[in-house]
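Peer 1: My structure is below; once you've seen it, I'll send some questions.
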Amino acid sequence: MIKLLYFAGIRDLTGRPSEEADLSGRTVEELWKWAEDKYPGIREGGARIAVNEEYALPDDRLGEGDTAAFIPPVSGG
Amino acid sequence: MIKLLYFAGIRDLTGRPSEEADLSGRTVEELWKWAEDKYPGIREGGARIAVNEEYALPDDRLGEGDTAAFIPPVSGG
Amino acid sequence: MSVYEIVREPIDPQRYADLVVRPEAGAVVLFTGHVREWTKGIRTLHLSYDAYVPMAEKKMAQIGREVEEKWEGTRTAIAHRIGELGIGEVAVVIAVSSPHRKAAYEANEYCIERIKQDVPIWKKEIWETGEEWIGDQNRKPEVKNP
Amino acid sequence: MSVYEIVREPIDPQRYADLVVRPEAGAVVLFTGHVREWTKGIRTLHLSYDAYVPMAEKKMAQIGREVEEKWEGTRTAIAHRIGELGIGEVAVVIAVSSPHRKAAYEANEYCIERIKQDVPIWKKEIWETGEEWIGDQNRKPEVKNP
C-alpha cells in the first residue's frame with residue numbers, strides 16, 4: 001500500500017487529508033493518472049508529487065510503504 | 001573665534017580634543033594650511049573638515065562661532 | 001548552530017540571530033516576513049499557514065546546506081510559523097551570519113527565494129470578502145464575493 | 001518610527017526592528033555588525049569606537065532620509081555603539097522595513113555602505129601585539145611590534 005497525503009487546495013478538492021491506495025510498483029506519472037481519475041481537476045493548479053519527502057520525477061517508481069504527497073504550488077514566506 | 005575639534009588619530013597627533021583659534025573669515029583651505037603649519041602631517045591620512053557638522057568644501061568660509069572638525073577617514077560599522 | 005523548524009507559537013526573531021553568532025562572524029542579516037494588511041488594494045484580516053511539516057523542515061535544512069556551500073563561512077537558521085497569524089506578526093525568520101556582510105545579505109535573500117520555490121508551506125489569506133489558498137505569488141486571485 | 005542614535009550601552013537589535021514594523025510592511029531586514037575575533041590572520045582582543053556624536057547622529061538621519069526617498073515605503077532605524085566592545089558584541093544595527101522584501105535588503109545594504117563612507121565614527125583595534133585607529137577599511141595596517 002501507498003500512503004497519499006493532500007495539502008491546501010488539493011485537500012479541499014479531495015475532502016480528506018490522506019488515504020491509502022494499492023499503487024506499489026506504479027510510477028509517479030501513473031499515480032497522477034489514478035488521481036486525475038478519482039479527483040478531476042487535481043492536476044490543474046500545477047502541483048508536484050513528493051515521494052518520501054523528496055520531489056519526484058514522472059518515471060520514479062513507488063515502492064511498498066512509500067508516502068506520496070500532492071504538493072500544490074507553495075506560498076510560504 | 002573658531003572652535004576646532006580633533007578625532008581619532010588626529011587627536012593623537014594634536015594631543016588635545018579641541019581648541020579655539022582666531023580664524024573667522026578664513027576658508028577651509030586656509031584652515032588646512034594653518035593646521036599643517038601647527039601639526040605637521042595632519043593632512044596626510046586623507047582627513048576631511050566638517051563645519052558645523054557638515055562636510056565642507058575648500059572655498060567655504062568660516063564665520064565667527066563656527067565649529068570646524070577634522071574628520072580622519074571613518075571606520076564605523 | 002543551524003536550526004530549521006516549523007513552529008506553531010509566535011516567533012522570537014532574536015533567538016535565531018543568537019543561534020548563528022560566532023566569534024568569526026562580523027555580520028548577521030536577519031530577515032522577518034510579516035503579515036501585511038494591504039496587498040494590491042485588498043485588505044487582509046489575517047492569514048493561516050499550513051505545512052507538510054517533516055518535508056518542510058527537511059527542505060529548509062537542505063537550503064541551509066546549499067547556502068553554507070555557496071557562501072563560505074556562513075551559518076543559517078530558519079523558522080516558519082504555521083496556524084493563524086494576525087497583521088504584523090512574523091511568519092518567517094531567516095538568520096545568516098558570515099565573516100563579511102556581502103555574503104550575509106546575498107545568502108539571506110537566496111534563502112527566502114528558495115523557501116518560496118520549494119518548501120511545502122501554504123498560505124491562506126482571509127479577507128473581508130472571502131478566503132483562498134494562495135498558490136502562486138505572481139497571480140493574486142480575484143476576490144470572490146461570498 | 002525612525003531613530004538614529006549613538007549609544008554607549010549594549011545594543012538590543014530587536015528594539016530597532018520593532019521601531020520600523022508597520023501594518024503595511026511585509027519585510028524587515030535587520031543587519032548587525034559584530035566585533036570579529038580574526039581579521040586577515042590578526043587576532044582582535046577587543047575594539048574601541050569613538051564618534052563625533054552630534055554629527056554622526058545627523059549623518060545617520062540623512063542616510064535614513066535618502067533611503068526613504070530612494071525606496072518608497074521603507075522605514076529605517078540605525079544605531080551605532082561607541083566605547084569598548086568585546087568579541088561578538090554588536091557595534092551597529094540597521095533595521096529597514098518595506099512593503100516588499102527586495103527593497104528592504106537593498107536599502108539595508110545601502111545604509112551600511114553609506115555609514116562606512118560618511119558617518120564620523122572611528123574604530124580602534126586592540127590586538128595582542130598593539131593597537132591602532134583604523135582609518136581605511138581597505139588597508140589593514142601592518143602589525144607593529146610593541
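Peer 1: Taking the range D:85-117 only, how many residues are in contact with a Gly (Cβ under 9 Å, 6 or more places away or on another chain) and within 20 Å of B:Phe7 (Cα to Cα)?
Peer 2: Summing the residues that are in contact with a Gly (Cβ under 9 Å, 6 or more places away or on another chain) and within 20 Å of B:Phe7 (Cα to Cα) in the range D:85-117 gives 4.
Peer 1: Let me confirm something: among D:Val93, D:Val67, which residue is more than 16 Å from B:Gly76 (Cα to Cα), surrounded by 15 or more Cβ atoms within 10 Å (Cβ to Cβ) and within 16 Å of the chain's Cα centre (by Cα)? Outline the logic, then answer.
Peer 2: Numbers: D:Val93 fails: more than 16 Å from B:Gly76 (Cα to Cα).
Within the list D:Val93, D:Val67, the selection yields D:Val67.
Peer 1: Residues in the range A:17-44 that are under 12 Å from the mean Cα position of the chain (by Cα) and among the polar types (S, T, N, Q): how many?
Peer 2: Of the residues in that region, 2 qualify.
Peer 1: Another question, if that's okay. Quickly run through the range C:1-17 and pick out the residues that are in a loop (DSSP other than H, G, I, E, B) and open to solvent by less than 40 Å² (accessible area, probe 1.4 Å). Show your work before the answer.
Peer 2: Looking only at the range C:1-17, we keep the residues that are in a loop (DSSP other than H, G, I, E, B), and these are C:1-3, C:8-12.
Matches in the range C:1-17: C:Val3, C:Ile11.
Peer 1: Within the range D:18-36, restricting attention to residues that are in a loop (DSSP other than H, G, I, E, B) and within 17 Å of A:Gly77 (Cα to Cα), which residue is most open to solvent (accessible area, probe 1.4 Å)? Reasoning before the result, please.
Peer 2: Applying the first criterion (in a loop (DSSP other than H, G, I, E, B)) to the range D:18-36 yields D:21-26, D:35-36.
Within this subset, residues satisfying the condition of being within 17 Å of A:Gly77 (Cα to Cα) are D:21, D:23-26.
Values: D:Val21: 50, D:Pro23: 57, D:Glu24: 80, D:Ala25: 1, D:Gly26: 13 Å².
By that ranking, first place goes to D:Glu24.
Peer 1: Return the only residue of A:Thr14, A:Thr67 being within 12 Å of the chain's Cα centre (by Cα) and within 11 Å of another protein chain (Cβ to nearest Cβ). Can you show your working first?
Peer 2: On the way: A:Thr14 fails: within 11 Å of another protein chain (Cβ to nearest Cβ).
Of the residues listed, the single one that is within 12 Å of the chain's Cα centre (by Cα) and within 11 Å of another protein chain (Cβ to nearest Cβ) is A:Thr67.
Peer 1: May I pose another question? Return the only residue of B:Glu54, B:Glu44, B:Glu36, B:Glu30 being modelled with pLDDT under 95 and open to solvent by 10 Å² or more (accessible area, probe 1.4 Å). Walk me through how you get there before you give the answer.
Peer 2: Details: B:Glu54 fails: modelled with pLDDT under 95; B:Glu36 fails: modelled with pLDDT under 95; B:Glu30 fails: modelled with pLDDT under 95.
Testing whether each residue is modelled with pLDDT under 95 and open to solvent by 10 Å² or more (accessible area, probe 1.4 Å) leaves just B:Glu44.
Peer 1: Separate question: When the range C:1-17 is examined, which residues are found to be in contact with a strand residue (DSSP E or B) (Cβ under 7 Å, 6 or more places away or on another chain) and either within 7 Å of another protein chain (Cβ to nearest Cβ) or under 22 Å from B:Gly77 (Cα atoms) (or both)?
Peer 2: If the condition is that a residue be in contact with a strand residue (DSSP E or B) (Cβ under 7 Å, 6 or more places away or on another chain) and either within 7 Å of another protein chain (Cβ to nearest Cβ) or under 22 Å from B:Gly77 (Cα atoms) (or both), then C:Pro13, C:Tyr16, C:Ala17 are the ones that fit.
Peer 1: Would you be able to tell me the number of residues in the range B:39-55 that are touching a residue at least 24 places away in the same chain (Cβ under 8 Å) and out of contact with any Leu (no Cβ under 7 Å at 6 or more places or on another chain)?
Peer 2: So the count comes out to 3.
Peer 1: Check B:Tyr6 against each of (1) in contact (Cβ under 8 Å) with a residue 40 or more places away in the chain; (2) exposed (fewer than 15 other Cβ atoms within 10 Å of the Cβ) and name the one condition it does not meet.
Peer 2: Here B:Tyr6 meets the rest and fails (2).
Peer 1: Can you tell me which residues in the range D:18-36 are in contact (Cβ under 8 Å) with a residue 40 or more places away in the chain and more than 7 Å from every other protein chain (Cβ to nearest Cβ)? Spell out how you get there, then give the answer.
Peer 2: So in the range D:18-36, the residues in contact (Cβ under 8 Å) with a residue 40 or more places away in the chain come out as D:19-22, D:24-36.
Matches in the range D:18-36: D:Leu19, D:Val20, D:Arg22, D:Val35.
Peer 1: Open to solvent by less than 10 Å² (accessible area, probe 1.4 Å) and at negative phi: is that true of D:Ala61 in this structure?
Peer 2: Values: open to solvent by less than 10 Å² (accessible area, probe 1.4 Å): no; at negative phi: yes.
So D:Ala61 fails the test.
Peer 1: Same structure, new question: What residue, of C:Ala77, C:Ala56, is farther than 20 Å from D:Ala27 by Cβ and open to solvent by less than 10 Å² (accessible area, probe 1.4 Å)?
Peer 2: Values: C:Ala77 fails: farther than 20 Å from D:Ala27 by Cβ.
It is C:Ala56.
Peer 1: Let me ask you something else. Quick one: in the range B:11-27, which of the residues that are in contact with a helix residue (DSSP H, G or I) (Cβ under 9 Å, 6 or more places away or on another chain) and touching a residue at least 24 places away in the same chain (Cβ under 8 Å) is surrounded by the fewest Cβ atoms within 10 Å (Cβ to Cβ)?
Peer 2: If we take residues in the range B:11-27 being in contact with a helix residue (DSSP H, G or I) (Cβ under 9 Å, 6 or more places away or on another chain) and touching a residue at least 24 places away in the same chain (Cβ under 8 Å), then B:Arg26 is surrounded by the fewest Cβ atoms within 10 Å (Cβ to Cβ).
The values are calculated or read from the model by the stated rules, or taken from the named source; none is laboratory data. Keep in mind that what you see is a predicted model, and the values were worked out from it rather than measured. Cβ sites come from the backbone with ideal geometry, for glycine too, and all protein chains shown count toward neighbours. Only protein heavy atoms, including side chains, enter the accessible area calculation; ligands, DNA and RNA are left aside. Shrake-Rupley method; radii C 1.70, N 1.55, O 1.52, S 1.80 Å.
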